[in-house]
Amino acid sequence: MQQSIDFQCPKCGETLSVPSPDLYSCSNCGQNVNVLPRAQVAQPKAKKKTVSSFLGSGCIIQGIGLLLLIAAFFFGLAFPLLFLPIMLVGIVLIIYGSRVAISLKCSACGNNVEKTSKICPTCKSHF
């Protein structure tokens with residue numbers, strides 16, 4: 001049993017089904033369309049863009065880290081033993097917050113994608 005190939009006319013947008021790859025004429029507008037086998041259909045290409053969000057959970061974490069750095073200097077005057085641990089926690093939170101703020105987006109549609117994904121789940125573009 002041979003499956004039909006669905007294609008869309010580039011001129012009028014009508015969806016038509018044909019039995020095999022060949023040159024066909026659209027029944028709606030008469031436009032000639034070269035229908036390729038499924039394996040030869042070019043998939044749209046996109047890139048993963050690294051995007052840093054200005055506001056969000058990463059910003060909040062960095063803000064807490066910055067407050068801890070400021071607090072380390074004030075508490076360090078009264079309690080010298082607390083200076084180093086509070087400062088280290090503040091630095092770690094600033095670094096972690098900057099990592100949380102970074103995400104990957106599809107260059108074709110702008111939706112979030114995973115680092116390991118090969119195809120965008122929204123627009124089906126290949127990376």
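Bear in mind that the values in this text are calculations on the coordinates, not laboratory data. Not measured: the values here are computed from a predicted model. Here the Cβ positions follow ideal geometry from the backbone for every residue, glycine too, while neighbour counts run over all protein chains shown.
Things to note:
- Here the simple spin-label model places points 7 Å from the Cα toward Cβ, and for PHE54 and LYS118 these points are separated by 3.8 nm.
- Between the range 58-91 and the range 100-126, the Cα center-to-center distance that results, in Å: 36 Å
- Free-standing Cys, the chain [no other Cys Cβ under 4.7 Å]: CYS59
- In this Cβ point-charge picture (+1 for Lys and Arg, -1 for Asp and Glu), the chain has a dipole of about 280 debye about its Cα centre.
- Residues in the range 46-62 that a label on ILE102 would reach, taking backbone N under 19 Å of a point 7 Å out along Cα→Cβ: 47-62
- Cross-link partners of LYS49 among aspartates and glutamates (Cα-Cα below 14 Å; sequence separation of 8 or more within a chain): GLU114
- Legend: translational diffusion of the range 43-127 by Stokes-Einstein, Rh = Kirkwood radius over C-alpha pairs, 4 °C, 1.567 mPa s; D = 87 µm²/s.
- Over 28 Å (Cα to Cα) - which of LYS11/LYS48; LYS11/LYS45; LYS45/LYS115 fall in this group: LYS11/LYS48
- Length gained on full extension, GLN31 to LYS45: 2.4 nm, using 0.36 nm per residue less the C-alpha separation.
- 222 nm mean residue ellipticity, helices alone, for the chain (DSSP H n ≥ 4; -39,500 (n - 2.57); rounded to 500): -12000 deg cm²/dmol
- Residues LYS45, LYS124, LYS115, ranked from the fewest to the most other C-beta atoms within 10 Å, line up as LYS115, LYS45, LYS124.
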